[in-house]
Amino acid sequence: MAAGPRPSPGRSSVAEEIRMDWTREQVRALFDLPFTDLLHRAQTVHRAHHAPDEIQLCTLLSIKTGGCPEDCGYCSQSAHADTGLKAEKLMDVDSVLAAAAEAKAAGSQRFCMGAAWRSPKDRDIPKVAAMIQGVKAMGLETCMTLGMLDAGQARALADAGLDYYNHNLDSSPEYYDRVVTTRTYQERLDTLANVRDAGVSVCCGGIVGMGETREDRVGFVHALATLPRHPESVTVNALVPIAGTPLGDMLAGTPMAKIDDIEFVRVVAAARIAMPLSMVRLSAGRESMSEATQALCFLAGANSIFTGDKLLTTGNAGDSADAALFAKLGLVPLAGEEPMRVAAE
Ligand code: SAM
Ligand code: DTB
Ligand code: SF4
């Protein structure tokens, strides 16, 4: 194979400052590194900022399931999909707090509450605020993902004490309208800005394996790494293909039905290098990932997972499988602080 000059993947010193000026070429060059070089660099950056054996544990709960007006092509909860999922009303506060208490007892550190909304109605905010206050009072970090927020709604959640808001860019700007047509990339960016301005920490990531190209994966990591401030948490989901969703049906039986494991690890590694202080969460799709692939993701800088046997509507690895994996790999729950949160204090 010809060994010609490669474009530089940016500076390699771990002392480099946190940069929001990554060029797309630099991110592409990271993806193009030989796998062992990429992993070495990601692990070096990781160790400069994070304890390599500590993994943050987060638990998800769907507080309002199904019947969503948006047409996200991957989602079981879209009213446009034909997944047979029954739409439910917003849960009552006590049931949410009971689920949070269970998560806390199982060792979880953050409780993430998701609603299948395009955006919350102002009349929903007091109930959601009560959930935030109750979960926080248990000593859990709180995260909500409720769709688009205007500035006032973001401030109301901040006033209730919300720690994190999850709102994903999901893919590259170019691929986005192949995935969802009922909103724009710019609307996602606007909500992220409202969340930031309200002083709530940002959880933002996306999905790999939706039939996108390598260049879309480059564009996705580049979009995250060039936000005005890196997200404190970055979720990397592998598509869970769901029958009755446009993407689940489009990819079924094709070679793209499952993302290549090594390519998935490359996305994790590129995210780690481009956003050194962020917590990188190995998110949906872990249930069908081998232990070896998950171990490679941890080596590539992933340091957060969703625990428990359910995500929002689909299955997750489960506590006993995770306990066995942690024991095998010598991993422990996060004990130290999250670097970006410390930096902000
Ligand atoms: N409705 C809110 C929104 O879209 O922002 C919050 C909930 S939504 C389910 C949160 C994220 O879950 C999506 O942005 C997407 O990244 C991820 N997700 C949803 N369905 C998925 C699937 N089938 N496979 C992988 N990730 C998925
Ligand atoms: C994120 O990026 N992944 C989580 C969380 N944010 C809300 C959701 C994964 C959902 C997987 C499909 C489901 O369970 O419905
Ligand atoms: Fe609705 Fe969120 Fe699912 Fe899109 S991802 S259909 S906004 S619940």
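The values are calculated or read from the model by the stated rules, or taken from the named source; none is laboratory data. Keep in mind that this is a model prediction, so the values were computed, not measured. Cβ sites come from the backbone with ideal geometry, for glycine too, and all protein chains shown count toward neighbours.
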Selection over segment 25-51 where residues are touching a residue at least 60 places away in the same chain (Cβ under 8 Å) and surrounded by fewer than 20 Cβ atoms within 10 Å (Cβ to Cβ) yields a count of 7
Which of the residues spanning segment 164-188 are farther than 18 Å from Arg281 by Cα, within 14 Å of ligand 1 (Cβ to nearest atom) and surrounded by 17 or more Cβ atoms within 10 Å (Cβ to Cβ)?
-> Ser172, Tyr175, Tyr176, Val179, Val180, Arg183, Tyr185, Arg188
Applying the selection to segment 292-345, what residues are among the hydrophobic types (A, V, I, L, M, F, W, C) and within 16 Å of ligand 2 (Cβ to nearest atom)?
-> Cys297, Ala302, Ile305, Phe306, Leu311, Leu312, Ala317
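Collect the residues in segment 261-286 that are within 16 Å of ligand 2 (Cβ to nearest atom) and either assigned to a helix (DSSP H, G or I) or of a type in the set (Ser, Thr, Tyr) (or both), keeping them in residue-number order. If you could, list the steps in order and put the result at the bottom.
Just the residues of segment 261-286 that are within 16 Å of ligand 2 (Cβ to nearest atom), to begin with: 264, 267-268, 271, 275, 278-286.
Listed by number, the residues that qualify are Phe264, Val267, Val268, Ala271, Ser278, Ser283, Arg286.
In this structure, does Gly84 turn out to be within 16 Å of ligand 2 (Cβ to nearest atom), in contact with a Lys or Arg (Cβ under 9 Å, 6 or more places away or on another chain), assigned to a loop (DSSP other than H, G, I, E, B) and small (Gly, Ala, Ser)?
Here the answer is no, as Gly84 does not meet what is asked.
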Matching residues in segment 52-66 - criterion: being in contact with a helix residue (DSSP H, G or I) (Cβ under 8 Å, 6 or more places away or on another chain), buried (at least 21 other Cβ atoms within 10 Å of the Cβ) and either over 30 Å from Glu88 (Cβ atoms) or of a type outside the set (A, V, I, L, M) (or both) | Ile55, Thr59
Select from segment 148-184 the residues that are part of a loop (DSSP other than H, G, I, E, B), of a type outside the set (Gly, Ala, Ser) and within 14 Å of ligand 3 (Cβ to nearest atom) and list them in ascending order.
-> Met148, Leu149, His167, Asn168, Leu169, Val180, Thr181, Thr182, Arg183, Thr184
In this structure, does Val234 turn out to be part of a strand (DSSP E or B), away from ligand 2 (no atom under 11 Å from the Cβ) and closer than 30 Å to Val342 by Cα?
-> no
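Specify the residue that is farthest from ligand 3 (Cβ to nearest atom); the eligible residues are those in segment 192-210 that are over 20 Å from Gly73 (Cα atoms) and either among the acidic types (Asp, Glu) or in contact (Cβ under 8 Å) with a residue 60 or more places away in the chain (or both).
Here is the first cut: in segment 192-210, the residues over 20 Å from Gly73 (Cα atoms) are 192-203.
If we keep only those that are either among the acidic types (Asp, Glu) or in contact (Cβ under 8 Å) with a residue 60 or more places away in the chain (or both) as well, we get 197, 201, 203.
Numbers: Asp197: 22, Ser201: 20, Cys203: 14 Å.
Restricting to residues being over 20 Å from Gly73 (Cα atoms) and either among the acidic types (Asp, Glu) or in contact (Cβ under 8 Å) with a residue 60 or more places away in the chain (or both), the top hit is Asp197.
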Of the residues in segment 287-318, how many are modelled with pLDDT of 95 or more and part of a helix (DSSP H, G or I)?
-> 9
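Among the small types (Gly, Ala, Ser) and under 22 Å from Ala274 (Cα atoms) - does that describe any residue in segment 154-162?
Looking for residues that are among the small types (Gly, Ala, Ser) and under 22 Å from Ala274 (Cα atoms), one finds none in segment 154-162, hence no.
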Sort out which residues of segment 81-90 are free of Cβ contacts under 8 Å to residues at least 40 places away in the same chain and either near ligand 3 (Cβ under 8 Å from one of its atoms) or surrounded by 13 or more Cβ atoms within 10 Å (Cβ to Cβ) (or both), and write them in order of number.
-> Glu88, Leu90
Note down all Cβ pairs under 7 Å where the first residue falls in segment 96-113 and is in contact (Cβ under 8 Å) with a residue 12 or more places away in the chain, the second is part of a helix (DSSP H, G or I) and of a type outside the set (Gly, Ala, Ser), and they're at least six residues apart or on different chains.
-> Val96/Met131; Leu97/Val135; Ala100/Val135; Ala106/Asp319; Phe111/Val135; Met113/Val96; Met113/Met131
Conditions (1) surrounded by fewer than 23 Cβ atoms within 10 Å (Cβ to Cβ); (2) in a helix (DSSP H, G or I); number of the one not met by Gly199 | (2)
Determine, yes or no, whether Gly66 is out of contact with any Pro (no Cβ under 6 Å at 6 or more places or on another chain), part of a loop (DSSP other than H, G, I, E, B) and at pLDDT below 95.
-> no
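Listed here are the residues, each with its yes/no results for (1) in a helix (DSSP H, G or I); (2) modelled with pLDDT under 95; (3) within 13 Å of Ser171 (Cβ to Cβ); (4) within 15 Å of ligand 2 (Cβ to nearest atom).
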residue: Gln186; (1), (2), (3), (4): yes, no, no, no
residue: Thr191; (1), (2), (3), (4): yes, no, no, yes
residue: Val195; (1), (2), (3), (4): yes, no, no, yes
residue: Glu212; (1), (2), (3), (4): no, no, yes, no
residue: Asp216; (1), (2), (3), (4): yes, no, yes, no
residue: His222; (1), (2), (3), (4): yes, no, yes, no
Only unsatisfied item for Asp122, checking (1) surrounded by 17 or more Cβ atoms within 10 Å (Cβ to Cβ); (2) more than 15 Å from ligand 3 (Cβ to nearest atom), is (1)
